[in-house]
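Here's the structure we're looking at; comments come further down.
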Amino acid sequence: MTFTLLSTTFLLLIATVLNVSAQKRAYVPAYIRDTTTVEGRQFTWSKTAQSKNFLMIWGDSVGTNPSKFPNPDLRFNPMQVLDTMEVIYKRCMEMGMINTSPESKANLYKYVIVMYNTYGKGGPEGWANGWAVDDSIGAFWVHPGATRDGGVIAHEFTHSLQAMFHIDNQNPQRGNKAIYDNDGLFYETHANFVRNAIYPQAVSSDIDAHHYLMLEPDWKFNYEGYHFLFHIIQQRG
């Protein structure tokens with residue numbers, strides 16, 4: 001019985017060690033580690049939240065418990081947002097969009113989310129945009145008001161996944177920049193496509209938009225030309 005107990009304890013210990021080693025690490029962007037930046041001067045672990053695949057960082061102005069912040073426009077519940085992101089992550093995994101190979105940096109680090117408009121005067125402000133940090137991991141920056149449902153953050157997370165393609169397959173001459181400078185025309189359509197695949201109620205454009213996919217320099221065709229991608233799904237899976 002003693003041998004069996006010791007064997008069981010040993011196996012549990014090994015399993016725990018393997019599980020810990022497999023966990024992704026929280027990656028703090030270099031500009032936030034830099035104490036000369038607004039974000040760096042305000043960074044503390046008490047103003048972060050984490051889930052399995054994401055690290056969220058915010059600034060001083062909303063305090064350490066932003067779910068209690070008096071201004072409803074800037075109030076947010078970090079764990080609620082992270083729970084939504086994990087649902088989006090799972091759906092993107094099901095769609096085959098996430099590189100699970102051991103060589104991908106996305107298996108080392110958690111994706112980064114930085115909250116706009118939480119750093120006070122002189123701090124970063126905006127609505128939402130996404131790409132990557134430090135040629136290392138996908139990231140996006142988002143206003144608390146853009147996290148009320150999953151639509152915006154699904155779109156921005158798709159940009160993080162697009163960036164991971166370039167991080168994991170870097171061209172030495174371009175780093176994690178897009179292979180072609182005009183790739184962004186397609187990236188916006190693709191990000192809205194993913195958003196709409198996860199949240200069908202977000203579909204908003206008319207069917208004619210797909211005729212102009214990447215052919216017209218207009219926001220509608222750059223963002224809303226996703227009907228062609230749905231056609232590919234229907235025809236090819």
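Taken together, the values in this text are just the output of simple stated rules run on the coordinates, not laboratory data. Small disclaimer: the values here were computed from a predicted structure and weren't measured. Neighbour counts are summed over all protein chains in view; Cβ atoms, including those assigned to glycine, are modelled from backbone coordinates with ideal geometry.
Here are the numbers for this structure:
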read-out	value
The stretch 118-147 - residue that is aromatic (F, W, Y) and closer than 14 Å to W58 by Cα and, of those, surrounded by the most Cβ atoms within 10 Å (Cβ to Cβ)	F140
Close pairs (6 angstrom Cβ cut-off, 6 or more residues apart or separate chains): free of Cβ contacts under 8 Å to residues at least 24 places away in the same chain and under 25 Å from P29 (Cα atoms) in the stretch 56-72, of a type in the set (S, T, Y) and surrounded by fewer than 23 Cβ atoms within 10 Å (Cβ to Cβ) anywhere	T64/S46
Residues satisfying the stated conditions in the stretch 37-91, i.e. closer than 21 Å to G130 by Cα, assigned to a helix (DSSP H, G or I) and of a type in the set (A, V, I, L, M, F, W, C)	V38, M79, V81, L82, M85, V87, I88
